[in-house]
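A short worksheet on the structure shown next.
Since every read-out is calculated from the coordinates, none of them should be taken as a lab result. None of the values given here were measured: they were computed from a predicted structure. Every residue, glycine as well, gets a Cβ built from its backbone with ideal geometry; the counts of neighbours run over all protein chains shown.
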Amino acid sequence: MKKIVLVLASIVLFSCSNEKKDYLTISGTVINSPEKTLIIENQNYNKQISIDEKGHFKDTLHLKKVADLASYEENFYGITVGQNRTFSYIQNGFDIELTIAGDDFKFDGKGAQNTNYIKEKLETGSKFMNIPEYFSLEQEDFNAKLAEAKSTFDQLLVKYNDLDPAFATAEKENNEQLYTTLTDNYAEQHNLLKNTAKGSDSPKFNNYENYKGGTNSLDDFKGKYVYIDVWATWCGPCKQQIPFLQSLEEKYHGKNIEFVSISIDKPNAKNAWKQMIADKNMGGVQLFAGTDQSFANSYQISGIPRFILIDPEGKIVEANAPRPSDPNLRSIFTELGL
């Protein structure tokens with residue numbers, strides 16, 4: 001009977017020791033820094049922790065549940081010391097030890113695997129995160145790169161085998177979703193990219209309204225280089241490029257190049273388009289796409305401003321050319337003999 005009691009007692013003690021705590025402990029050292037405060041925060045939480053004169057800190061955090069987030073999403077927090085900041089994956093029950101030297105944040109202790117996993121995934125997996133690169137590859141190379149990505153990410157999950165279960169599950173699902181999305185969209189996206197590859201015939205626009213009257217099509221500019229600015233009146237970065245574009249137009253006036261700006265504003269914004277051209281004294285050829293967005297769609301334009309350079313034969317020189325503010329653009333023009 002005495003042995004049974006001892007066994008039951010050990011089971012109870014073991015169970016209690018593994019019961020998830022409703023708080024997180026964090027401690028560590030900030031090296032060679034005058035900062036006196038460490039901040040842990042996300043959209044729903046903010047905690048300031050004092051750093052003593054020797055750079056040491058320690059505190060207990062009672063992290064809050066967020067009803068509208070998945071269990072793993074609520075565990076992403078930023079950690080800031082002065083101008084240096086990193087992200088972390090933390091939750092109640094963890095016992096984190098943190099060493100900070102400038103912008104180098106080293107995580108150790110119970111639960112640190114989660115943050116270290118994310119850091120290594122971003123570092124070693126960065127070459128797999130450029131999605132357009134997948135679609136630019138031919139089928140055999142695409143398959144090889146996708147297989148390499150799978151192997152890399154699978155090995156990371158094996159290496160970090162003590163992740164928060166909800167987070168590990170989400171990572172596996174996200175990885176599979178990435179592979180599925182790439183595979184399902186490869187053929188369509190690959191063909192689209194081939195259509196806008198350097199040296200290919202450029203997609204065309206037809207009968208876009210010209211601010212000065214009449215209409216223009218891309219074929220109207222055959223025999224000249226065409227530097228196209230795809231923009232909109234509501235786009236702040238587009239407006240920032242206007243003075244640089246005006247400077248280019250002045251410098252290359254009389255050269256064998258046409259500067260064409262295509263507004264992709266909504267049709268009901270035509271008056272705003274005309275007003276901005278007048279107010280900013282915009283030069284070049286100013287066109288309004290209206291309801292016909294086929295040119296922008298053919299170039300898969302998802303962000304503006306977007307600049308495109310086409311040669312006198314209507315072939316693509318740069319499907320994503322440097323902005324007017326970029327000194328590299330003038331180097332390209334020089335190489336083309338402009």
For this session: Tabulate in residue order the Karplus-calculated ³J(HN,Hα) for region 305-314, using 6.51 cos²θ - 1.76 cosθ + 1.60 with θ = phi - 60°, rounded to whole Hz; enter x for Gly and Pro.
Result: x, 10, 10, 10, 10, 10, 8, x, 8, x
Exercise. Taking residue 266 as the anchor, which aspartates and glutamates have their alpha carbon closer than 16 Å to its alpha carbon, excluding any fewer than eight residues away along the same chain?
Worked result: 209, 292
Problem set entry | Largest-first principal axis extents, alpha carbons of region 105-171, Å | 45, 23, 16
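Quantify how much of the Cα-Cα distance distribution of region 29-106 extends past 17 Å, in percent. Don't skip to the end; give the middle numbers.
Working: 1312 of 3003 pairs.
Beyond 17 Å sits 44 percent of the P(r) for region 29-106.
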For this session: Return the Cα extents of region 221-338 along principal axes one, two and three, sorted largest first, each rounded to a whole Å.
Result: 40, 29, 22
For this session: Go through 325, 288, 233 and say which Cα lies farthest out towards the positive end of the charge dipole of region 208-335; charges sit on Cβ, +1 for Lys and Arg, -1 for Asp and Glu.
Result: 233
Seminar exercise, completed: By the mean-Cβ-within-10 Å protection proxy, highest first, 238-246, 267-275 rank as 238-246, 267-275
For this session: Could you please report the charge total around residue 57, scoring K, R as +1 and D, E as -1 over all other residues with beta-carbon less than 13 angstrom from its beta-carbon?
Result: -1
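For the chain, what is the calculated [θ] at 222 nm in deg cm²/dmol (nearest 500), taking -39500 (n - 2.57) for each run of four or more DSSP H residues and dividing by its residue count?
Working: 9 runs with 128 residues, N = 338.
Value at 222 nm, helices only, nearest 500: -12500 deg cm²/dmol.
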Problem set entry | Cα-based reach from residue 251 at 15 Å (exclusive), listing aspartates and glutamates while leaving out same-chain residues under 8 positions away | 326
Problem set entry | Gained length - residue 176 relative to residue 65, 0.36 nm times residue gap less alpha-carbon distance | 37.2 nm
Seminar exercise, completed: Note, region 93-104: 3J(HN,Hα) by Karplus (6.51, -1.76, 1.60, θ = phi - 60°), whole Hz, Gly/Pro = x, goes x, 7, 9, 8, 10, 10, 10, 10, 10, x, 9, 9
For this session: Would you mind checking which residues have amide H under 5 Å from residue 306's amide H? H placed 1.01 Å from N; only 5 or more apart, or other chain.
Result: 230
For this session: Calculate the translational D of region 63-126 in whole µm² s⁻¹ from Stokes-Einstein, where the hydrodynamic radius comes from the Kirkwood formula applied to all Cα pairs, the temperature is 20 °C and the viscosity 1.002 mPa s.
Result: 169
Exercise. If we count every other residue with Cβ under 10 angstrom of residue 319's Cβ, Lys/Arg +1 and Asp/Glu -1, where does the sum land?
Worked result: +1
Seminar exercise, completed: Going residue by residue through region 117-123, the Karplus relation 6.51 cos²θ - 1.76 cosθ + 1.60 with θ = phi - 60° gives ³J(HN,Hα) values, rounded to whole Hz and with x marking Gly or Pro, of 4, 4, 4, 5, 5, 5, 6
For this session: Excluding residues on the same chain fewer than 8 positions from residue 172, give the lysines whose Cα lies under 28 Å from its Cα.
Result: 20, 21, 64, 65, 106, 110, 119, 121, 127, 145, 150, 159
Exercise. Residues with beta-carbon under 14 Å from that of residue 195, excluding residue 195: net charge, scoring Lys, Arg +1 and Asp, Glu -1?
Worked result: +2
Problem set entry | Assigned charges on the beta-carbon of Lys, Arg, Asp, Glu; region 208-335 dipole about Cα centre (debye) | 280
Exercise. Using a simple spin-label model with points 7 Å from Cα along the Cα→Cβ vector, what separation in nm is obtained for residue 161 and residue 244?
Worked result: 5.1
Problem set entry | Where only C-alpha atoms are counted, convex hull volume of the chain per residue in Å³ | 217
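Given R₀ = 45 Å, FRET efficiency for residue 215-residue 326 by Cβ-Cβ distance, to 0.05?
Working: r = 31 Å, r/R0 = 0.68.
Here the calculated transfer efficiency is 0.90.
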Exercise. Given +1 on the Cβ of Lys and Arg, -1 on the Cβ of Asp and Glu, and no further charges, what dipole in debye does the chain carry about its Cα centre, rounded to the nearest 20?
Worked result: 560
